[in-house]
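Visitor: Shown below is the structure under consideration.
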Amino acid sequence: MSAAPRPEPDTPQAPQALIGFGPVRHVRLKPKHHAFAYSHYFWLLPMRQLARLPQAVVNRQRWGLLSFHDADHGEGGPDALAWLDGVLAQSGLAAPELQQGEVWLQTFPRVLGFAFKPVSFWWVHRADRSLAAVVAEVNNTFGERHAYVLSGAGLKLGGELAARKVFHVSPFCAVTGRYRFRFMRTGAWGAGAPEGADRLIACVNHDDEAGPLLQTSQAGTLQPLTPASARHAFWGWPLMTWGVVARIHWQALRVWLKGVPFHRKPEPPAQLLSQGEPL
């Protein structure tokens, strides 16, 4: 009798582009309370995998109902992942294990060719899937951009890191104090996901010299990015990126009417990058 065939070892599934649906929340604690929440969607793109094997649904570097263009990130060049690898090298994080790990970009797509991305997160993983760094890439409505590089012992799912605020975003917040970042995910990177749910939460809170000022979060339940899920996003939230800009100005008007002090925009920092620190 012949021996039974040996089972093949488990082969990790190639990472696929994902889309997340969920709320974005914003709470101002002082000098006047102001809060809002909207439903929205975002993309989570495996950038190293997409460099090896593009996915048509991403519409990279071409027009689409929803699309991704590298020039919307970093220094506006043709290869956003190459920019990110340069950021890691400049920050002392270049290592072979990072080249073997995936880099996931959490960002808004272009909608009908228009992009506005208040914040994008580059999740940088080692080969063993552990989190090595997160680069928080912030854009303001003046066309300026800054990136906060977060790494070190405090960077783990559920942990917290800080970065000194150096970049103007809202005219109702001075460029002082610090940001506190916290990242959480169940499912593919985390543990304890109920019934296989894959949920991601990114929290960015702003403290001034007297304590907490703003609390913000972006959350979503993840599913594969497919033509069907992309159509659902497009028709469910038509003109989303235009809506983001409109809502920023609408909420700014409401804050101004509450009498919150206005701060003029300072010059942007000379360097595109700044380093975070553990709490």
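The values are calculated or read from the model by the stated rules, or taken from the named source; none is laboratory data. Note that this is a predicted model, so its numbers are computed, not measured. FYI the Cβ positions are ideal-geometry reconstructions off the backbone, even for glycines, and counts take in every protein chain you see. These accessible areas exclude ligands, DNA and RNA; they are computed on the full protein's heavy atoms, side chains included. Shrake-Rupley method; radii C 1.70, N 1.55, O 1.52, S 1.80 Å.
Visitor: What is the calculated FRET efficiency for Ala94 to Gln223, with r their C-beta to C-beta distance and R₀ = 25 Å, to the nearest 0.05?
Guide: Result of the calculation: an efficiency of 0.15.
Visitor: Here is a further query. Tell me which of Gln90, Pro54, Val27 sits at the most positive position along the dipole axis of region 13-92, charges placed on C-beta atoms (Lys, Arg +1; Asp, Glu -1).
Guide: Val27
Visitor: Rounded to the nearest whole Å², what accessible area per residue is found for region 124-235 with the 1.4 Å probe?
Guide: Each residue of region 124-235 exposes 42 Å² on average to a 1.4 Å probe.
Visitor: Using a simple charge model, +1 on the beta-carbon of Lys and Arg, -1 on the beta-carbon of Asp and Glu, nothing else, what dipole does region 178-273 show about its Cα centre, in debye to the nearest 20?
Guide: Working: 11 positive and 6 negative charges, 47 e Å.
In debye, rounded to 20, region 178-273 gives about 220.
Visitor: Given a 1.4 angstrom probe, I'd like the percentage of the accessible area of the chain that is carbon and sulfur, rounded to a whole number.
Guide: 58 percent
Visitor: Okay, moving on. Among residues other than His69 whose Cβ falls under 10 Å from its Cβ, what is the net charge (Lys/Arg +1, Asp/Glu -1)?
Guide: Residues near His69 contribute +1 overall.
Visitor: Can you compute the FRET efficiency between Ala82 and Ser130 using 1/(1 + (r/R0)^6), with r the Cβ-Cβ distance and R0 = 35 Å? Round to the nearest 0.05.
Guide: Once the sixth-power term is evaluated, E becomes 0.90.
Visitor: Report the residue, chosen from Leu18, Leu239, Leu161, that carries the largest GNM mean-square fluctuation when the chain is represented by alpha-carbon nodes joined by springs under 10 Å.
Guide: Checking each option, the largest mean-square fluctuation is seen for Leu239.
Visitor: Residues in region 213-230 near a label at Ser39, defined as backbone nitrogen under 13 Å from the 7 Å Cα→Cβ point?
Guide: 221, by backbone N distance to the label point.
Visitor: Okay, next question. Under 18 Å Cα to Cα from Lys165, which aspartates and glutamates show up? Leave out anything in the same chain fewer than 8 places away.
Guide: Qualifying aspartates and glutamates at Cα under 18 Å: Glu137, Glu144, Asp207, Asp208, Glu209, Glu267, Glu277.
Visitor: Could you run the Karplus curve 6.51 cos²θ - 1.76 cosθ + 1.60 with θ = phi - 60° over region 66-78 and give me ³J(HN,Hα) per residue in whole Hz, x for Gly and Pro?
Guide: Karplus values, whole Hz, x for Gly and Pro: 10, 7, 10, 10, 4, 5, 7, 10, x, 8, x, x, x.
Visitor: Most mobile of Ala71, Ala132, Ala210 per a Gaussian network model of the chain (Cα springs, under 10 Å)?
Guide: Result for the chain, Cα springs under 10 Å: Ala210 fluctuates most.
Visitor: Which is the longest part of the chain that has none of the GluC sites (Glu not before Pro) sitting in a DSSP loop with at most 16 other Cβ atoms within 10 Å?
Guide: By the stated rule (loop sites, at most 16 other Cβ atoms within 10 Å), 1-74.
Visitor: Additional query: In nm, to one decimal, how far is the modelled label at Phe142 from the one at Cys203, with both set 7 Å along Cα→Cβ?
Guide: It works out to 3.0 nm between the two label points.
Visitor: Also: Dipole size in debye (nearest 20) for the chain around its Cα centre, Lys and Arg Cβ +1, Asp and Glu Cβ -1?
Guide: Numbers: 28 positive and 20 negative charges, 194 e Å.
Using only the charged Cβ atoms, the result is roughly 920 debye.
Visitor: Take the chain, mark every one of the trypsin sites (Lys or Arg not before Pro) that falls in a DSSP loop and has at most 14 other Cβ within 10 Å, then report the longest stretch left between them, sites excluded.
Guide: 157-257
Visitor: All other residues with a Cβ under 12 Å from the Cβ of Thr241 taken together, and with Lys, Arg as +1 and Asp, Glu as -1, what is their net charge?
Guide: Net of charged neighbours comes to +2.
Visitor: Treating cross-link reach as a plain straight distance, find the lysines whose alpha-carbon is under 17 Å from the alpha-carbon of Lys30, omitting any fewer than eight places away in the same chain.
Guide: Straight-line reach from Lys30, under 17 Å: Lys258.
Visitor: Now for a separate question. Quick one: longest stretch of the chain between exposed loop chymotrypsin sites (Phe, Trp or Tyr not before Pro), exposed meaning at most 12 other C-beta atoms within 10 Å and loop per DSSP? It would help to have the intermediate numbers written out before the result.
Guide: Working: sites that count: Trp63, Phe142, Phe262.
For chymotrypsin sites (Phe, Trp or Tyr not before Pro) (loop position, at most 12 other Cβ atoms within 10 Å), the longest site-free span of the chain is 143-261.
Visitor: While we're on this one: Projecting each Cα onto the charge dipole of region 169-279 (Lys/Arg +1, Asp/Glu -1 at the beta carbon, about the Cα centre), which of Pro261, Gly243, Thr216 comes out farthest on the positive side?
Guide: The one lying farthest along the dipole's positive direction is Gly243.
Visitor: Right, next: Under a 10 Å cutoff between Cα atoms, tell me which one of Ala89, Ala230, Ala219 has the largest fluctuation in the Gaussian network model of the chain.
Guide: Highest fluctuation of the listed residues: Ala89.
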